[in-house]
Amino acid sequence: MLAESVMTKDLIAAHVGEPVGDVLQRMRKHKLRMLPVLNDKKIAVGVVSTFSILEKIVPSYIASGDLEQVSFAPDIGFLKTHYDQVIYKKIEEVMDDAPLLVKHDESLLSTAAALTSLDRHEYALVIDDDESLVGIISSGDILDYLRNMKVNDKNDA
Amino acid sequence: MHNSAHIIHSSMPFGLDATWVAVSILLIIYAVIMVEKFNRAVLSLLGAGLMILCGVLNQQQAVAGIDFNTIGLLTGMMVIVAISQKTGMFQYVAIKAAKVVKGEPWGILVMLSLVTAVFSALLDNVTTVLLIAPVTLLITDALAVRPYPYLFALILASNIGGTSTLIGDPPNIMIGSAAHLSFYDFLTNLMPIIPVIFIVVITVIWLMFGSDLKTTDEKKELIMQFDEGAAIKDVPLLRKSLFVLFAVISGFTAAHALHLEPATIAMFGAALLLLLQTWGEPLHDKDHAYEAIMAEVEWTTIFFFVGLFIIVTGVEHTGVIGMLAEKTLTLTGGNFAATTAAILWVSAIASALIDNIPFVATMIPLIQSMAPTFGGQEALIPLWWALALGACLGGNGSLIGASANLIVAGFAQRAGHPIVFLSFMKHAFALMILTILISHAYLYLRYLS
């Protein structure tokens, strides 16, 4: 089975130059936790997720793990201040600019392996031979596909 | 050692001159290290390899040139620090220090600088700033004050503190080992001037930034709500770490009387803490913990030292360093006070601009070969203090002067408050010169007048 048969084709994307606040609103409206980020040439250059935005709101010296724990600190109140600053930033400043990319004709096994290997990813962006984005495949998509698969189809997966 | 030059000439391939080959290897390797495009450990090992491949040294001579006392002391302390830092004691002390001054922004700057200086004296500067800088940023965020003055003070305090002991800064470890100066010698000769330097530097920082550091009572109250107790992650490990640290530092102080080298004490302390750390745990967990700690040892630094010792030994074998020493003595007219001053100032300026470790590695044999002029190794002692003060305090002269400076600059960058190279240097270089003036006066009054 190939990635393109399992992926979600109905795509909602963000543009690198959009403000974070607008993109967050779109994510909320469509009940999505991540969006692929496209440049002017419609090439996928990153992924923005609620996690990547929160990572920018938490101070870098904490998010980077330099301060392993801050259970000794009270709630200092800077999260809201940082949130108010981050929503006006451009998406390209908060996106994960090294998304997992898989080719549309990649096998399901290879896609699942890429998602779960060392640099864990929850999503992979599926691209065609021209490197244009054609879909998204999540760990959930693979599980759903496996659940609906008939027993005698197993060789295909 | 220097009369071996003619022996080397006979074994050189292609009729090359050993002196030129050795000096070229040293200069090329040092120049490429300065460019900072390649890993310095890789470069020093390449240089060391070339010294042997080109026939300047044979392998036996190269290995004999490695100062295993420095290597052992560095590695042992790295293991002890790697375990101790997991306890949260650095964060505990930093928060406690901020609360002692009731959240006053200026008081916090002084206390964090003091904590940094003390930790840098007893442990290593890089680990100290690696652990204190994030807490500092958290505190300045809580106070809503500009972090730059704090980070600036942290850098200076770390290098000043590191100057005061045998184990505070790698140049001191190398000097102590080569000149047979004990932990106690450093305490009685360098430590006395450090508080003076610290107070002067903090006063100047107050003049520079004091009026900027204002906050509200509400924000000070936030600092008082920090719970330093929650920073301690592992109380049993904290007890074991403190016990070993205390034992090791006591051991350093008594090392001379016990006829022990500091490396023996540090390595024994490291082994003891490794054993205590996982006492009572299953073998599999122990092995895992040992491997994790060993992975935290900065092997890059250790191999950098190994390579460097071999490169310097190669150059030393050709007699060039002895020649350079003679030239220096000609320039200073063989005057001891002038030689001391020259070593202090040249070391300070050089260490502000280049890595002070290769610089000190080269200066050590150079100073040693001045012994006949000044009446033996014993008479050289003030020169060693001049080298230590110059090389360690010189690190404050620019952002690239010491590894700790770059670590703090990295934090500042990530936190969105980048430290600009030139604006840092504008203040820091002047302050460094001030600390060298104080050191010069101290050396003159104590050893030369």
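Name the residue that is farthest from residue B:136 (Cα to Cα), counting only residues in segment B:219-228 that are surrounded by 15 or more Cβ atoms within 10 Å (Cβ to Cβ) and in contact with a Gly (Cβ under 6 Å, 6 or more places away or on another chain). Step by step, filter segment B:219-228, then rank; the result is B:220. Using the structure shown, decide if residue B:280 is closer than 24 Å to residue B:240 by Cβ and among the small types (Gly, Ala, Ser). The answer is yes for residue B:280.
When residue B:280 is tested against (1) surrounded by 15 or more Cβ atoms within 10 Å (Cβ to Cβ); (2) not acidic (Asp, Glu); (3) not in a helix (DSSP H, G or I), only condition (1) is not met.
Given the criteria closer than 18 Å to residue B:415 by Cα, out of contact with any helix residue (DSSP H, G or I) (no Cβ under 6 Å at 6 or more places or on another chain) and either open to solvent by less than 10 Å² (accessible area, probe 1.4 Å) or modelled with pLDDT of 95 or more (or both), does residue B:151 qualify?
In short, no.
Enumerate the pairs (first residue in segment B:404-421 and at the interface with chain A (Cβ under 9 Å from one of its Cβ atoms); second residue anywhere and open to solvent by 20 Å² or more (accessible area, probe 1.4 Å)) with beta-carbon separation below 6 Å, excluding pairs fewer than 6 apart on the same chain, so at least 6 apart or on different chains. What qualifies is B:414/A:60; B:415/A:60. The set of residues in segment B:352-385 being open to solvent by 20 Å² or more (accessible area, probe 1.4 Å) and either hydroxyl-bearing (Ser, Thr, Tyr) or farther than 30 Å from residue B:427 by Cα (or both) consists of B:362, B:368, B:369, B:372, B:373, B:374, B:375, B:376, B:377, B:378, B:379, B:381. Count of segment B:315-331 residues, restricted to those that are within 18 Å of residue B:51 (Cα to Cα) and among the hydrophobic types (A, V, I, L, M, F, W, C), is 3. Inside segment B:229-271, residues that are surrounded by fewer than 14 Cβ atoms within 10 Å (Cβ to Cβ) and under 12 Å from residue B:81 (Cα atoms) make up a count of 1.
Filter segment A:1-38 down to residues that are assigned to a loop (DSSP other than H, G, I, E, B) and without any contact (Cβ under 8 Å) to a residue 24 or more places away in the chain and give me whichever is nearest to residue A:113 (Cα to Cα). For segment A:1-38, the residue satisfying everything is A:33.
Confirm whether residue A:68 is farther than 26 Å from residue A:5 by Cβ, within 14 Å of chain B (Cβ to nearest Cβ) and within 16 Å of the chain's Cα centre (by Cα). No; evaluated as a whole, the condition is false for this residue.
Taking every residue in segment B:137-158 that is at positive phi and pairing it with any residue that is part of a helix (DSSP H, G or I) and crowded, with 23+ Cβ neighbours inside 10 Å, at least 6 positions away or on another chain, yields no pair with a Cβ-Cβ distance below 9 Å.
The values are calculated or read from the model by the stated rules, or taken from the named source; none is laboratory data. These numbers were taken from a predicted model, which means no experiment stands behind them. Here Cβ is always computed from backbone atoms with ideal geometry, including for glycine, and neighbour counts include all displayed protein chains. Each accessible area value is taken on the protein alone, full model and side chains, heavy atoms only, with ligands, DNA and RNA left out. Shrake-Rupley method; radii C 1.70, N 1.55, O 1.52, S 1.80 Å.
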